[in-house]
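Visitor: So that we are looking at the same thing, I have put the structure below in structure tokens.
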Amino acid sequence: MSNLLLVFQYLSNLKLKIAFFLFITVLSLKTESSIAQQIYSKAYGQKGNPALIYVHGGPRGNSTLFEGTTAAGLAKRGYYVIVYDRRGEGRSADPNAKLTFEEAALDLNGLIKQYGLKKVSILGHSFGGLVSTLFTTANPEKVERLILVGGLFSQQESYDHILNTSLKLAEQKKDTAILHKISTIKSFDKKSEQYRKQTYEVASHYGFFKMPRPTEESKRVNEQYENSSFSKSNIRNDKAPTLFYENESRVNIDTKSILKNLLNKKVKLSAIYGLQDGVFSNKQLSDLKIITGASNFYTIDNCSHYPFVDQQEKFLNSVADIMNK
């Protein structure tokens, strides 16, 4: 586009300039339209109510679990809830997607524009916490509240916590396969795709993402999702992590200082975390509580990495309490 503008500057005839300007405008609109068409999104609730955008985890994620279990429930509480799948992930298939934070920010900006919104609140879940934090610091005027929901914020601390905790469990259980795997992981480059992937595999092996004691409510919510069309559209792009690590330099970051600075930009910052979320150490949660302030930091017991499924009613109440402040 910058090359086209240079051409425009060298045109001397006024009519040619007007015609060329119209051409550039149409080209720009077509580009925005093509991007919008690539992005799956859906709104729940009445436009005009406080807007909440859910940003899913990943890379290799989608919003089907949140959409199929919780979006409508939040809308019933008086919010205009927007869910979407990032470009190249889930239902937003795009073979040309780069899977970078910059691309994710471009799509979020496009989504806000598409739905005619001026200011929104964001629910950033897991990896979506990083996407949301980086977007908010670049566009503070567009974000009323940033709500981290089990959102990543100090990746290496999480990796260290997972590996150290898993090592103790493996030693107790004399789990030689996992002991060998942890030893191998520690030899990897900490900014490599395999380091992240296999660390999370170890976490999954020991149930770090599962709530300790499923309740009747959580069983119902999970069964509802499994029997829904959303479960059937739970599309995963296995190439997404590879693309992210190839195209993005910020693959292992700590955003605590960025979160602190958001408060200076008049963005309201809150957090909702499961007390049994195996991704985070007690120290990490304490650090984040200091950043958000105790009154803006919500924890839920008998809850792991998916508060909106593990403890749905408590999650909905927490969001409502945050939004009403």
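The values are calculated or read from the model by the stated rules, or taken from the named source; none is laboratory data. Only a predicted model underlies this, so the values are computations on that prediction, with no experimental measurement involved. Using ideal geometry, Cβ is built from the backbone for each residue, glycine included, and neighbour counts are taken over all protein chains shown.
Visitor: Consider Thr242 carefully, then state whether it is among the polar types (S, T, N, Q), at pLDDT 95 or above and touching a Leu at 6+ places or on another chain (Cβ under 7 Å).
Guide: For Thr242, the condition - among the polar types (S, T, N, Q), at pLDDT 95 or above and touching a Leu at 6+ places or on another chain (Cβ under 7 Å) - is not met.
Visitor: I've got another one for you. Of the residues Phe209, Phe188, only one is farther than 16 Å from Phe127 by Cα and of a type in the set (Phe, Trp, Tyr); which?
Guide: Unique residue meeting the criteria: Phe188.
Visitor: OK, next. Considering only residues that are buried (at least 20 other Cβ atoms within 10 Å of the Cβ), closer than 30 Å to Met211 by Cα and in contact with an Asp or Glu (Cβ under 8 Å, 6 or more places away or on another chain), which ones fall in segment 252-275?
Guide: Gly274
Visitor: Only one residue in Phe297, Phe244 is buried (at least 20 other Cβ atoms within 10 Å of the Cβ) and of a type in the set (A, V, I, L, M, F, W, C), so which one is that?
Guide: Criteria check complete, one pass: Phe244.
Visitor: In segment 214-221, is there at least one residue being assigned by TED's automatic domain parsing to the domain that holds Leu285 and under 30 Å from Lys191 (Cα atoms)?
Guide: no
Visitor: State whether one or more residues within segment 134-146 are modelled with pLDDT of 95 or more, among the acidic types (Asp, Glu) and out of contact with any helix residue (DSSP H, G or I) (no Cβ under 7 Å at 6 or more places or on another chain).
Guide: Yes, because at least one residue in segment 134-146 is modelled with pLDDT of 95 or more, among the acidic types (Asp, Glu) and out of contact with any helix residue (DSSP H, G or I) (no Cβ under 7 Å at 6 or more places or on another chain).
Visitor: Which ones in segment 202-221 are out of contact with any helix residue (DSSP H, G or I) (no Cβ under 7 Å at 6 or more places or on another chain), more than 21 Å from Glu67 (Cα to Cα) and in a helix (DSSP H, G or I)?
Guide: Scanning segment 202-221 gives a single hit, Ser204.
Yes/no per residue for (1) assigned by TED's automatic domain parsing to the domain that holds Gly90; (2) small (Gly, Ala, Ser); (3) closer than 18 Å to Ile253 by Cβ; (4) in contact with a helix residue (DSSP H, G or I) (Cβ under 9 Å, 6 or more places away or on another chain):
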| site | (1), (2), (3), (4) |
| --- | --- |
| Leu130 | yes, no, yes, yes |
| Leu148 | yes, no, yes, yes |
| Ile162 | no, no, yes, yes |
| Ser166 | no, yes, no, yes |
| Leu169 | no, no, no, yes |
| Leu179 | no, no, no, yes |
| Tyr200 | no, no, yes, yes |
| Glu223 | yes, no, no, no |
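Visitor: Only one of (1) surrounded by 14 or more Cβ atoms within 10 Å (Cβ to Cβ); (2) outside any helix (DSSP H, G or I) fails for Arg236. Which number is that?
Guide: (1)
For every residue, the table says whether it meets (1) of a type outside the set (Lys, Arg); (2) surrounded by 15 or more Cβ atoms within 10 Å (Cβ to Cβ).
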residue	(1), (2)
Asn164	yes, no
Ala177	yes, no
Ser183	yes, no
Lys190	no, yes
Tyr195	yes, yes
Gln198	yes, yes
Pro214	yes, no
Ser218	yes, yes
Glu223	yes, no
